[in-house]
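Asker: The structure follows.
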Amino acid sequence: MSLTARLAALMVISFALCVSADAQTQNTKTKAQTSRPAVPTESALRARINEWTVGLAGGLLEGAPIRLATEIARVVNDGENLHVLPIVTRGPTENVNDLLYLKGVDMAIISSDSLEEYKSQVPDIQRRLAYILNLFPSELHIFVRPEIRSLRDLAGKKVNFNTQGTAAAFSGPLIFSRMGLDVDKMFIPHPVALEQMKRGEISGVVFITSKPIDAFLKGRWEPGFKFLPVSYDSRFEDYYLPTTIESTDYPNLLANGERVETIAVPTILTAYNWRNNNDRYRRVARFVEHLFNRIDKLQAPGFDAKWKDVNLNAKVPGLDRFRAAQEWLDANRAKVGLRP
């Protein structure tokens, strides 16, 4: 073979080897690209995290509603399938406003009588909201000095209703108005008011929250400080429930077996009454399913004791139940002890 032929043959072999090597490199790159998971785009991540996220308006940091909202999130959250955002707000009355108008709020924990505030400006308020669950009662505590013997003795006297935005600051004056009781209303923090009360500067304080209240349970009070009774009658039938304050609640203030009649403001979990073909309805419906199916987890040790008294079938005066919640109850009658 001539030198020219040999060189030509070597060039052909070299070219073939290069092509083979390039092909192997390309195959390796293709396999690596195939095995590496695709990185989702930012818009895809945004859509994914928002698809099953719902906002739950709770309340003030020191109140029971935000604590319950946080516990609901702990039990109901389910990765990408459901994400509940508990929101710190300015209180149960403001929560109605947030539920009606604030972006990102799908549900809210409110006091039942908060609806009274909106009747004039939102006449159809009871059709625009629906309740999911009757959570717990917030008992009315009217605590007074020794010289005050009856509700009438408070007329014209200084009475504190806690800071604006709290349940007491809204429901307290409303209840006093229904009783026809005109007092000198104050809205300062209760711890400050209680100290002034001990000094005789204030005649009474009004708490509206779940009993027992630490200020009365653990506080040291001279003889004569007491709770005043409030009788349940037709003036309170639209939003309130009858209840009692027991000696077991405050053994240092009530004699063994003693009880004081009072009323309670139901605290309820509500949702905007979306049409059932709406995406927001779809999210809240999934939330309802998760919450109702896992309610036993919230009633176990480690969570607020109020959950043990929650009855899934308990109704709320003046409001319809959220459609998905009623459908779940209809489909699970045996589970919640209902007759067909």
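The values are calculated or read from the model by the stated rules, or taken from the named source; none is laboratory data. No experiment lies behind these values; they were computed from the predicted model shown. Quick reminder, even Gly has a Cβ in these numbers, built from the backbone with ideal geometry, and neighbours come from all protein chains shown. Note: areas computed on protein heavy atoms with side chains; ligands, DNA, RNA excluded. Shrake-Rupley method; radii C 1.70, N 1.55, O 1.52, S 1.80 Å.
Asker: Could you please state how large a percent of the accessible area of region 72-191 is carbon and sulfur, counting protein chains only and using a 1.4 Å probe? Don't skip to the end; give the middle numbers.
Answerer: Working: 2430 of 5010 Å².
Taking all protein chains in place, region 72-191 shows 48 percent carbon and sulfur surface.
Asker: Could I ask something else about it? Between D184 and residues 5 or more places away or on another chain, which pairs have amide H atoms under 5 Å apart, with H built 1.01 Å from N, and which residues are they?
Answerer: For D184, the qualifying residues are G156, K157, K158, V159.
Asker: If you rank L241, L312 by how much accessible surface each has, with a 1.4 Å probe, what is the order from largest down? Intermediate values should be presented prior to the final figure.
Answerer: Values: L241 70, L312 15 Å².
Result, largest first: L241, L312.
Asker: Here is a further query. Of R283, R127, which has the most accessible area with a 1.4 Å probe, and how do the rest follow in descending order? Mind dumping the intermediate values first?
Answerer: Details: R283 45, R127 175 Å².
From most accessible down to least: R127, R283.
Asker: Moving on to the next point. With axes computed from alpha carbons, what is the tilt in degrees of helix 167-178 against the longest principal axis of the chain, rounded to the nearest 10 within 0 to 90?
Answerer: Around 40 degrees separate the two axes.
Asker: HN-Hα J couplings of region 295-302 from phi, Karplus 6.51/-1.76/1.60, θ = phi - 60°, integer Hz, Gly and Pro as x?
Answerer: 4, 5, 5, 5, 8, 8, x, x
Asker: Right, something else. Kindly write out, for region 63-69 in residue order, the coupling ³J(HN,Hα) from the Karplus curve 6.51 cos²θ - 1.76 cosθ + 1.60 (θ = phi - 60°), rounded to whole Hz, with x marking Gly and Pro.
Answerer: Along region 63-69, the couplings run x, 5, x, 5, 5, 5, 4 Hz.
Asker: Check each of the trypsin sites (Lys or Arg not before Pro) in region 148-233 and keep only those in coil by DSSP with at most 14 other C-beta atoms within 10 angstrom; list them in order. Mind dumping the intermediate values first?
Answerer: Values: sites: R149, R152, K157, K158, R178, K185, K198, R199, K218, R220, K226; in loops: R149, K157, R199, K218, R220.
Those satisfying the criteria are R149, R199, K218, R220.
Asker: Residue-wise, which Karplus ³J(HN,Hα) couplings in Hz belong to region 321-331, taking 6.51 cos²θ - 1.76 cosθ + 1.60, θ = phi - 60°, and x for glycine or proline?
Answerer: 3J(HN,Hα) across region 321-331, in whole Hz: 7, 4, 3, 5, 5, 5, 5, 5, 5, 4, 7.
Asker: Give me, ordered by chain and number, the residues 5 or more places off K226 or on other chains with an amide H under 5 Å from its own placed amide H.
Answerer: V144
Asker: Quick one: which residues, 5 or more positions from T53 or on another chain, have an amide H under 5 Å from its amide H? H modelled 1.01 Å from N in the peptide plane, none for Pro or chain starts.
Answerer: Long-range HN contacts for T53: H83.
Asker: Seen from all sides and averaged, what is the projected area of the convex hull of the Cα atoms in the chain, in nm²? Before the final figure, lay out each step's value.
Answerer: Values: hull surface 117.6 nm².
Average projection, Cα convex hull of the chain: 29.4 nm².
Asker: Please compute the per residue accessible area over the chain with all protein chains in place, 1.4 Å probe, rounded to a whole number of Å².
Answerer: Working: 18240 Å² over 340 residues.
So the chain comes to 54 Å² accessible per residue, rounded to a whole number.
Asker: Can you work out the PRE-style zone for R275? Point 7 Å along Cα to Cβ, and I want the residues of region 91-132 with backbone N under 17 Å.
Answerer: Under 17 Å, as judged by backbone N against the label point of R275, lie 127-129 of region 91-132.
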